[in-house]
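Quick notes on the structure that follows.
The values are calculated or read from the model by the stated rules, or taken from the named source; none is laboratory data. Owing to the predicted nature of the structure, the values given are computational and were not obtained by experimental measurement. No Cβ is skipped: glycine too gets one built from the backbone with ideal geometry, and neighbour counts run over all protein chains shown.
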Amino acid sequence: MFVDIFFSIVFILGVYYLIQYRISIKKAVDFSKEALYPQTEEEFRGILIPNEFKEMEPLSKSTRSYKIVKWGTTAIIIVLIGLLIVILTTDYLGSSFFSLAYFFFALISAVRHRGNLFLLPKGIILQGRYFSYSRVKEYEVERIVRWHDLYGIEDRLNFSYKLTIKVKSIFPFLNFVVVENEEHLDKIIELLETNGIPGKRKADQTQQTTPTISSKS
């Protein structure tokens, strides 16, 4: 009984998440055409997205990431429905409770678009989700120097800037990107503050012992 109730709740929340995420990506693709930043190829290249820390790409319905979300959402919902039917009508999977729970969450999280950051006239797109400025709480900047969690993971991360943007969201997600160029970072901050978003730069405790790094191109 407990297993049936648990997976029914997970199923409802999972399907809701998948549908909302697909809608968000579609909206983000449409809204990204209005972006004030980034606009140039240099600005796109200067933003590194979490996990793989690859250069950010323009949002388009023709990209592989968008197609994965579009068709993957439908496929995974069908698989989830099948699993839920098996769980509700048999006790075959009852002994594999934790493995099945992990499989459910793995399926739900498998449909994910590549990360991104767009600043628009009335809001932002962060990791494929659109947020109006009224839902953006604040930003935070950290220099990636020695002893930082991201230092050393990838050469391009070293002495770049981790930009975290805190938003009001139901579902948790990675809410940061890495900006290589300080000049580009200043443009982003200016746009955020112009739209009433407060923020801060964390002090760089190793600044005195770290050589000054010129802006990257």
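Restricting the search to the range 6-60, which residues are under 14 Å from the mean Cα position of the chain (by Cα), β-branched (V, I, T) and in a helix (DSSP H, G or I)?
If the condition is that a residue be under 14 Å from the mean Cα position of the chain (by Cα), β-branched (V, I, T) and in a helix (DSSP H, G or I), then I25 is the only one that fits.
Taking H148 as the residue in question, decide whether it is more than 16 Å from K54 (Cβ to Cβ), surrounded by 14 or more Cβ atoms within 10 Å (Cβ to Cβ) and modelled with pLDDT under 90. Even if it seems obvious, please write down each step before you answer.
Details: more than 16 Å from K54 (Cβ to Cβ): yes; surrounded by 14 or more Cβ atoms within 10 Å (Cβ to Cβ): yes; modelled with pLDDT under 90: yes.
Answer is yes for this residue.
Considering each of V3, V79 in turn, give the residue that is modelled with pLDDT under 80, outside any loop (DSSP other than H, G, I, E, B) and farther than 30 Å from Y133 by Cα. Walk me through how you get there before you give the answer.
Numbers: V79 fails: modelled with pLDDT under 80.
None of the other options fit; the residue is V3.
Could you count how many residues in the range 71-80 are loosely packed, with under 15 Cβ neighbours inside 10 Å and either in contact (Cβ under 8 Å) with a residue 24 or more places away in the chain or under 17 Å from the mean Cα position of the chain (by Cα) (or both)?
So the first thing to find is which residues in the range 71-80 are loosely packed, with under 15 Cβ neighbours inside 10 Å, and the list is 71, 74-75, 78-79.
Cutting the leftovers down to either in contact (Cβ under 8 Å) with a residue 24 or more places away in the chain or under 17 Å from the mean Cα position of the chain (by Cα) (or both) gives us 79.
Adding up the residues that qualify gives 1.
Quick one: would you say R129 is buried (at least 20 other Cβ atoms within 10 Å of the Cβ), basic (K, R) and either under 19 Å from F31 (Cα atoms) or at pLDDT 95 or above (or both)?
On the way: buried (at least 20 other Cβ atoms within 10 Å of the Cβ): yes; basic (K, R): yes; either under 19 Å from F31 (Cα atoms) or at pLDDT 95 or above (or both): yes.
Criteria met by R129.
For I153, which of the numbered conditions (1) closer than 30 Å to L18 by Cβ; (2) in contact with a strand residue (DSSP E or B) (Cβ under 6 Å, 6 or more places away or on another chain); (3) not hydroxyl-bearing (S, T, Y) fails to hold?
Just one mismatch for I153, condition (2).
Run down S60, S24, S65 and say which single residue is touching a Ser or Thr at 6+ places or on another chain (Cβ under 9 Å) and polar (S, T, N, Q). Before you say what the answer is, go through the steps one by one.
Numbers: S24 fails: touching a Ser or Thr at 6+ places or on another chain (Cβ under 9 Å); S65 fails: touching a Ser or Thr at 6+ places or on another chain (Cβ under 9 Å).
From the options S60, S24, S65, the qualifying one is S60.
Residue by residue through the range 6-56, note down the ones that are small (G, A, S) and more than 23 Å from S132 (Cβ to Cβ). Break it down into steps so the answer makes sense when it comes.
Let us first name the residues in the range 6-56 that are small (G, A, S), namely 8, 14, 24, 28, 32, 35, 46.
Once the filter is applied, which keeps residues that are small (G, A, S) and more than 23 Å from S132 (Cβ to Cβ), the range 6-56 yields S8, G14, G46.
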